[in-house]
Amino acid sequence: MTAPKDHPQRKRIRLPAPAYGLCNSIFSVTVCCAGKAPLLSQETLAQEIWATVHSGSLNGYANLHAIALMPNHVHLLVQVQNLNLVTAISRWKSFTTKIFRDNGGEGPLWQRSFYDHGIRVAEDLYAAALYIVQNPQRACITDRARFTWSRWTPT
């Protein structure tokens, strides 16, 4: 039996579920705004979402290695701790959607899923962090520098 033509089957983009729960696994994650709208260009919302990554709902579930908050998406380099990656990101998306709505936002903040890439060798960890923190430069968005961070960035 095939799916009806008006309801195409979604492409499966996830690894097997157990892969996301292996303690200390590291993932590069991209979470896009709904419709890729530049919702994170709103200064207050950007600041509040920035705070959630460093001290909010991801704290305790995953170690953060790098982040770039772009106008219409977020790049994270996270190491799984107490929850599997899918659950941790889902909780963070729910938490930040509430912040979005508290700031007058309507509808969804985030797209339904997220993109992930497992970091398998240590050499790829620094390269992934560098890619993330250089993302605003590559996009020629100079005012985003304050919304990037890596544990290897000099302070």
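The values are calculated or read from the model by the stated rules, or taken from the named source; none is laboratory data. The shown structure was predicted, so the numbers you read here are calculated from the model rather than taken from an experiment. In this analysis, Cβ positions are derived from the backbone assuming ideal geometry, glycine residues included, and neighbour counts consider all displayed protein chains. In case anyone asks, the SASA skips ligands and DNA or RNA and just uses the protein heavy atoms, side chains included. Shrake-Rupley method; radii C 1.70, N 1.55, O 1.52, S 1.80 Å.
Of everything listed in (1) assigned to a strand (DSSP E or B); (2) open to solvent by 30 Å² or more (accessible area, probe 1.4 Å); (3) under 26 Å from Glu106 (Cβ atoms), the single unmet condition for Glu48 is (1). When segment 66-84 is limited to residues that are open to solvent by 10 Å² or more (accessible area, probe 1.4 Å) and either without any contact (Cβ under 8 Å) to a residue 12 or more places away in the chain or not in a loop (DSSP other than H, G, I, E, B) (or both), the one that is farthest from Phe27 (Cα to Cα) turns out to be His73.
Filtered by the rule that a residue be of a type outside the set (Val, Ile, Thr) and surrounded by 16 or more Cβ atoms within 10 Å (Cβ to Cβ), segment 52-65 gives Gly56, Ser57, Leu58, Tyr61, Ala62, Leu64, His65.
Within segment 108-124, residues that are among the aromatic types (Phe, Trp, Tyr) reach partners that are part of a strand (DSSP E or B) and surrounded by 14 or more Cβ atoms within 10 Å (Cβ to Cβ) with beta carbons closer than 6 Å, at six or more positions or on different chains, in the pairs Trp110/Val31; Phe114/Val29; Phe114/Val31; Tyr115/Thr30. Number of residues in segment 96-137 that are within 21 Å of Gln42 (Cα to Cα) and surrounded by 15 or more Cβ atoms within 10 Å (Cβ to Cβ) equals 13. Going through (1) surrounded by 15 or more Cβ atoms within 10 Å (Cβ to Cβ); (2) closer than 15 Å to Ser28 by Cα; (3) of a type in the set (Lys, Arg) one by one, Arg151 falls short only on (1).
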